[in-house]
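Visitor: Mind looking over this structure? Questions follow.
The values are calculated or read from the model by the stated rules, or taken from the named source; none is laboratory data. Nothing here was measured: the structure is a model prediction, and the numbers come from that model. Cβ atoms come from the backbone with ideal geometry, glycine included; neighbour counts cover every protein chain shown.
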Amino acid sequence: MLVSDFDYHLPEHLIAQHPPAERGGSRLLRVNGRVLQDDHFATIADALDAGDVLVFNDTRVIKARLFGEKASGGKIEALVERVLNEHEVLAHVRASKSPKPGTRLVFAGRWQAEMVERAGELFKLRFLDAANVFDILDASGKLPLPPYIERDTDGDDDERYQTVYAREKGAVAAPTAGLHFTDAMLQTLRDKGVILCSVTLHVGAGTFQPVRVENIAEHKMHSEIYDIPQATVDAIDAAHKVGRKVLAVGTTSMRALESAARPDGVLRAGRGETDIFITPGYRFNVVDKLLTNFHLPKSTLLMLVSAFAGYEEMRAAYAHAVAQEYRFFSYGDAMLLTRKE
């Protein structure tokens with residue numbers, strides 16, 4: 001298939017620049033084949049029965065954007081893509097002239113760092129202060145909102161661009177399908193008998209990178225770290241044995257689960273690194289339903305949901321969403337998709 005097969009017209013005013021006034025106040029488009037139902041996210045518990053499993057991505061967005069200058073002069077901006085250890089990171093770096101190995105950098109006027117080496121498009125940076133990298137980012141970093149949100153971060157973003165269950169630090173972007181849930185909704189699901197489980201996949205900046213080839217088979221996905229707890233594997237196995245459903249909250253949870261089930265379809269616990277690229281024709285092994293937001297035209301995530309719910313079905317759903325003026329992307333509305341058999 002071609003990248004152009006996944007294009008659609010999106011009026012700019014439908015791109016959500018702010019979260020809804022209240023968490024959980026979004027709309028929900030239910031998609032089951034060609035059947036479309038306009039709803040509200042507050043009804044999400046109605047889509048699940050006792051014994052079904054809901055899988056969240058518990059990654060936490062870090063304040064990954066740092067501003068500073070080279071010791072020799074010249075402004076520099078770093079977007080941390082991955083924390084390697086207490087003092088080293090891989091980062092995207094913007095500067096008038098790319099720093100060479102050994103170049104000293106100063107961030108926020110206080111944090112000393114050294115460019116160690118290039119790693120493809122990324123730069124390996126070593127912070128020379130005693131402080132842990134996460135402490136440095138908490139103290140001086142800025143939350144990296146997606147490029148289609150055309151404003152600076154504000155105080156509300158520190159709370160609203162995190163899920164209420166965010167725990168494991170390491171993401172550059174939020175697992176946005178989870179932004180709709182409130183603590184009260186989670187309790188309602190527990191009270192109903194729904195099993196709540198987690199995985200961790202640290203979302204990288206590559207999630208926003210465009211597909212630069214026309215034939216999607218030639219595209220190389222970015223790589224991300226994931227971790228699947230044994231308790232999550234056990235809950236999913238138990239549910240499937242008695243005919244219950246597994247609902248992944250977000251494409252990141254989906255990618256983690258499907259990656260951990262390769263190559264033989266058996267879900268296994270543990271930590272790994274994935275560059276899985278899910279396109280139409282992919283055979284799903286774990287997930288029965290998917291909760292997700294609306295995705296960018298020509299994006300790998302639009303290809304993923306088209307593989308899951310059906311290519312023509314998703315084209316119809318997106319056309320409907322545009323016509324009904326749903327809010328799109330990270331701070332936008334949600335879709336609930338049923339896997340096409």
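Visitor: Among (1) in contact (Cβ under 8 Å) with a residue 12 or more places away in the chain; (2) touching a strand residue (DSSP E or B) at 6+ places or on another chain (Cβ under 9 Å), where does Q37 come up short?
Guide: (1) is the only condition that Q37 fails.
Visitor: Being at pLDDT 95 or above, hydrophobic (A, V, I, L, M, F, W, C) and over 27 Å from F277 (Cβ atoms) is the requirement here; does F41 meet it?
Guide: Yes: the conditions hold for F41.
Visitor: Yes or no: F277 among the aromatic types (F, W, Y), more than 26 Å from G25 (Cβ to Cβ) and either part of a strand (DSSP E or B) or modelled with pLDDT under 95 (or both)?
Guide: Considered against the rule, which asks whether it is among the aromatic types (F, W, Y), more than 26 Å from G25 (Cβ to Cβ) and either part of a strand (DSSP E or B) or modelled with pLDDT under 95 (or both), F277 comes out as yes.
Visitor: Looking at this structure, is L29 in contact (Cβ under 8 Å) with a residue 60 or more places away in the chain, outside any loop (DSSP other than H, G, I, E, B) and in contact with a Phe, Trp or Tyr (Cβ under 7 Å, 6 or more places away or on another chain)?
Guide: Considered against the rule, which asks whether it is in contact (Cβ under 8 Å) with a residue 60 or more places away in the chain, outside any loop (DSSP other than H, G, I, E, B) and in contact with a Phe, Trp or Tyr (Cβ under 7 Å, 6 or more places away or on another chain), L29 comes out as yes.
Visitor: Considering F67, F56, which residue is surrounded by fewer than 19 Cβ atoms within 10 Å (Cβ to Cβ) and assigned to a strand (DSSP E or B)?
Guide: Being surrounded by fewer than 19 Cβ atoms within 10 Å (Cβ to Cβ) and assigned to a strand (DSSP E or B) holds for just one of F67, F56, which is F67.
Visitor: Restricting attention to region 237-249, does a residue exist that is modelled with pLDDT under 95, surrounded by fewer than 13 Cβ atoms within 10 Å (Cβ to Cβ), in a loop (DSSP other than H, G, I, E, B) and in the same structural domain as F41 (by TED's automatic domain parsing)?
Guide: No, region 237-249 has no match at all.
Visitor: In region 167-218, what count of residues is obtained for those that are in contact (Cβ under 8 Å) with a residue 40 or more places away in the chain, more than 21 Å from L290 (Cβ to Cβ) and within 20 Å of the chain's Cα centre (by Cα)?
Guide: Going through region 167-218 one residue at a time, the tally reaches 7.
Visitor: Could you count how many residues in region 1-31 are within 30 Å of G155 (Cα to Cα) and not acidic (D, E)?
Guide: So the answer is 18.
Visitor: In this structure, does D183 turn out to be farther than 20 Å from V203 by Cβ, in the same structural domain as V203 (by TED's automatic domain parsing) and modelled with pLDDT of 95 or more?
Guide: yes
Visitor: With respect to G170, determine if the residue is touching a Lys or Arg at 6+ places or on another chain (Cβ under 9 Å) and either part of a helix (DSSP H, G or I) or crowded, with 17+ Cβ neighbours inside 10 Å (or both).
Guide: yes
Visitor: Further question: Within region 142-155, is even one residue over 16 Å from the mean Cα position of the chain (by Cα) and among the aliphatic types (A, V, I, L, M)?
Guide: No: region 142-155 contains no residue that is over 16 Å from the mean Cα position of the chain (by Cα) and among the aliphatic types (A, V, I, L, M).
Visitor: I'd like the residue in region 88-128 that is small (G, A, S) and in contact with a Phe, Trp or Tyr (Cβ under 9 Å, 6 or more places away or on another chain) and, out of all such residues, is surrounded by the most Cβ atoms within 10 Å (Cβ to Cβ).
Guide: A113
Visitor: Give region 187-218 a look and list any residue that's crowded, with 17+ Cβ neighbours inside 10 Å and not in a strand (DSSP E or B), or say none.
Guide: Passing the criteria: L189, V194, H202, V203, G204, A205, G206, T207, F208, V211, I216.
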